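Q: Right, I'll just put the structure down here and ask away after.
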Amino acid sequence: MEKKKRKKKKRKKNMRGGNWVSVVGRRLRKKTSYSSVHSTSSTPTEYPNILGPNLPDVWTQTNQSHRPQSSAIFSNGNSARIIDGKPIAKDIKFRIAGEIQRMKAAIGKSPGLAVVLVGQRRDSKTYINIKLRACDEVGIATMVEELPESCTESELLDVVSRFNEDPSVHGIIVQLPLPQHLDEEKIMTVVSPEKDVDGFHPLNMGNLAIRGRQPFFIPCAPKGCIELLLRFGVQISGKRSVVIGRSKIVGLPTALLLQRHHATVSTVHSFTKNPEQITSQADVVVSDVGIPNLVRGNWLKPGSVVIDMGTNLVKDTSSRHGFRVTGDVCYEEAIKVVSAITPVPGGVGPVTISMLLSNTLDSAKRAFRFT
């Protein structure tokens, strides 16, 4: 028992309380109420269902011959529409902050998010700090547990199990990647599915894959991708979509979500032959493989919509930091071909963070039975 207590003392803990957004308070005093970003009480016109409409499979025969056409969704002449995620993320965070204030006023409680960091990776720390700042903005209390890179699997599992049992914690994030000696799959399986706000637990992924079932959570980046498409009025149903990459974090769940919305989905990966030919037939292209400028202008169908989820650091001597952030898609070439495209940075990234906040709020509402 004494050894276990000493080990717990060595771990670094930080408790952070959320700061309320003042503008939300002013508007709430005008008796304006907001529903959760994707709560069941929201009207479909305001918040489209991220899981898509539950439509039956009805096949119809057609005698029309196939003729390749432009899939222009936005008619702005020769210029592509920029799908800017920042104002959308700001709107979602504003609504979440309002809901959390309403929750605190009604029952005196607020959502809590626990973050587990193993090691000292600079990129992981950067991502965590972005998430923590976003939580502070909307009023989600946060706890950070830092473990040394040399920690054992059982030590990490103990931390996750403790958060599973803590009623003040409604969401748990184990920051990936983990050191090689730790079994990532095993760790993610131990996280409670009802607190798995990243949406990576096999139960949540499995329910996402099966039509008619509801996962507790949808992975944040794919959820943000669909949010952008829906908010910008992009038709998904019946459209040809190509997802470049098949990771469990982005590629796979994005393909599953597009299928839920009745798109015809193809997945392009490192073993795919003629990927540019397949991609050039798509009305909607989503990429997340971590290769700068992989997708060139000649890969894209005129008038298509591109969601670039890649985040890559490229050397740039003209930049103050010596590098710049770019996506998987050659933006300069794509913008001359497509009808709409997300920039990198500033496209999917901000909305992804807001989806994490939305998942955490939904978890707290479920735990408190708050509507």
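Q: Taking amide H atoms as placed 1.01 Å from N in the peptide plane, list the residues 5 or more away in sequence, or in a different chain, whose amide H sits under 5 Å from that of Ala114.
A: Met143, His170, Gly171, Ile172, Ile173
Q: Same structure, new question: Return the carbon/sulfur percentage of the accessible area of the stretch 210-310, one whole number, probe 1.4 Å, all protein chains in place.
A: Its accessible area is 51 percent carbon and sulfur atoms.
Q: Per residue of the stretch 251-265, what does 6.51 cos²θ - 1.76 cosθ + 1.60 with θ = phi - 60° give for ³J(HN,Hα)? Whole Hz please, x for Gly and Pro, Karplus curve as stated.
A: Once θ is set to phi - 60°, the couplings for the stretch 251-265 become x, 4, x, 5, 4, 5, 5, 5, 5, 4, 8, 6, 7, 8, 10 Hz.
Q: What accessible area per residue comes out for the stretch 239-371, rounded to a whole number of Å², with a 1.4 Å probe? Please list the in-between numbers first.
A: Details: 5790 Å² over 133 residues.
Value for the stretch 239-371: 44 Å² per residue.
Q: Please list 3J(HN,Hα) in residue order for the stretch 164-181, calculated via the Karplus relation 6.51 cos²θ - 1.76 cosθ + 1.60 where θ = phi - 60°; whole Hz, with x for glycine and proline.
A: 4, 8, 7, x, 7, 9, 10, x, 10, 10, 9, 5, 9, x, 9, x, 4, 6
Q: Now, a different point. Can you tally the net charge around Asn293? Count Lys and Arg as +1, Asp and Glu as -1, for every other residue whose Cβ sits under 15 Å from the Cβ of Asn293.
A: Numbers: positive: Arg296, Lys315, Arg324, Lys336; negative: Glu276, Asp288, Asp308, Asp316, Asp328, Glu332, Glu333.
With Lys, Arg at +1 and Asp, Glu at -1, the neighbours total -3.
Q: Moving to a separate point now. Considering amide H positions built from the backbone, and no H for Pro or chain starts, which residues 5 or more places from Gly290, or on another chain, come under 5 Å of its amide H?
A: Residues meeting the criterion, in which the H sits 1.01 Å from N, are Thr311.
Q: Give the peptides 79-92, 111-124 in descending order of average Cβ contacts within 10 Å, highest first.
A: On the way: 79-92: 17.6, 111-124: 19.8.
Highest to lowest by the protection proxy: 111-124, 79-92.
Q: To continue, here is another question. List the residues whose amide H sits under 5 Å from the amide H of Asp316, counting only those 5 or more places along or on another chain, with H placed 1.01 Å from N in the peptide plane.
A: Answer set, sorted by chain and number: Phe323, Arg324.
Q: Pick out, from Thr352, Ala282, Val329, the residue whose Cα sits farthest towards the positive end of the charge dipole of the stretch 217-371, with +1 on the Cβ of Lys and Arg and -1 on the Cβ of Asp and Glu.
A: Result: Thr352, furthest along the dipole toward the positive end.
The values are calculated or read from the model by the stated rules, or taken from the named source; none is laboratory data. Computed from a prediction, not measured in an experiment: that's the story for all the values here. Cβ atoms come from the backbone with ideal geometry, glycine included; neighbour counts cover every protein chain shown. Ligands, DNA and RNA are stripped out before the accessible areas are found, and what is left, the full protein with its side chains, is counted by its heavy atoms. Shrake-Rupley method; radii C 1.70, N 1.55, O 1.52, S 1.80 Å.
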